[in-house]
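So the structure is just underneath, and the comments pick up after that.
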């Protein structure tokens with residue numbers, strides 16, 4: 001058997017320390033991963049259920065709607081500062097309703113470019129955008145957030 005020298009005493013404990021450090025890092029990473037996974041699962045059950053409920057409500061509303069649903073049938077009256085009537089807008093508007101297939105390609109492209117320039121890259125759901133809005137909402141303590149985010153996750157007061 002080889003003699004134990006000062007050098008071998010130094011080498012052996014250091015390798016054990018490195019092993020312990022690696023093991024500790026793995027444990028921390030595992031714990032962080034488990035916590036993250038739990039948060040994702042909790043978030044999915046919390047917000048996922050709400051999103052699915054909103055989706056089913058939207059499908060019902062679309063099924064019940066017709067072209068007449070979107071036509072204004074109310075009359076608006078505009079008054080001046082003295083209370084005198086200035087204008088009266090009749091209920092029927094001079095509006096033309098088109099089906100999606102009848103829309104010009106340039107109109108569709110313009111709407112998509114204004115609303116979501118990455119629409120074709122993320123298949124309709126922009127997870128980075130959703131995460132960005134959530135982070136922004138937390139950073140600003142609810143002062144700034146997209147209208148869609150607010151309408152999906154918060155009740156009207």
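Bear in mind that the values in this text are calculations on the coordinates, not laboratory data. These numbers were taken from a predicted model, which means no experiment stands behind them. Using ideal geometry, Cβ is built from the backbone for each residue, glycine included, and neighbour counts are taken over all protein chains shown.
If neighbour count is taken as other Cβ atoms inside 10 Å, put 116, 80 in order from fewest to most.
So the ranking, lowest neighbour count to highest, is 80, 116.
For labels at residue 33 and residue 74 in the simple 7 Å Cα→Cβ model, what's the distance in nm?
5.6
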